[in-house]
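Worksheet: the structure to be examined is printed underneath.
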Amino acid sequence: MPYIDGFIIAVPKKNIDTYRKISRKCGKIWREFGALDYREAVADDVQMGKVTSFPRAVKQKPDETVVFAYILYKSRRDRDRINARVMKDPRLAKMMTPGSMPFDGKRMIVGGFKTIVDA
């Protein structure tokens, strides 16, 4: 079954275009190294929950929006191999220098997931 890395982040609305440019480059790098799919989506119908929600999870500020994303891999083994290569790629390093990212990376929620339904 496929393996998925998923993440959500809060991105300042004024930085969405910059974030999109970086995301496109990241997607190309991940796909180049073997990821099957790379998707990023900006919140459209996401409400602030009373107890928990996407906005609460990333401590969304009034001037921010939530981005939900995932990367699809053939397997956990492929994911580990691909991510090891991606993290060493100098193109990614240039985009991820401290202070240059268009969002607060400390509020990123990320994790790896085993697929249980592939319909």
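The values are calculated or read from the model by the stated rules, or taken from the named source; none is laboratory data. As the structure is a prediction and not an experimental result, all values here were calculated from the model. Note that each Cβ is placed from the backbone with ideal geometry, even for glycine, and that neighbours are counted across all protein chains shown.
For this structure, a couple of remarks:
- Single residue of segment 94-119 satisfying the filter (aliphatic (A, V, I, L, M) and part of a loop (DSSP other than H, G, I, E, B)) that is surrounded by the most Cβ atoms within 10 Å (Cβ to Cβ): MET101
- When ASP17 is tested against (1) touching a strand residue (DSSP E or B) at 6+ places or on another chain (Cβ under 7 Å); (2) surrounded by fewer than 15 Cβ atoms within 10 Å (Cβ to Cβ); (3) farther than 27 Å from ILE116 by Cβ; (4) not aliphatic (A, V, I, L, M), just one condition goes unmet, and that condition is (1).
- Pairs where the first residue, in segment 83-100, is within 18 Å of ARG31 (Cβ to Cβ) and the second is small (Gly, Ala, Ser) and surrounded by 10 or more Cβ atoms within 10 Å (Cβ to Cβ), C-beta under 7 Å, 6+ apart: none
- Scanning segment 1-14 for residues that are at pLDDT 95 or above and out of contact with any strand residue (DSSP E or B) (no Cβ under 6 Å at 6 or more places or on another chain) yields one hit, LYS14.
- Segment 47-84, residues that are surrounded by 15 or more Cβ atoms within 10 Å (Cβ to Cβ) and among the acidic types (Asp, Glu): GLU64, ASP78
- Meets criteria (at pLDDT below 95 and closer than 17 Å to TYR38 by Cα) for LEU92: yes
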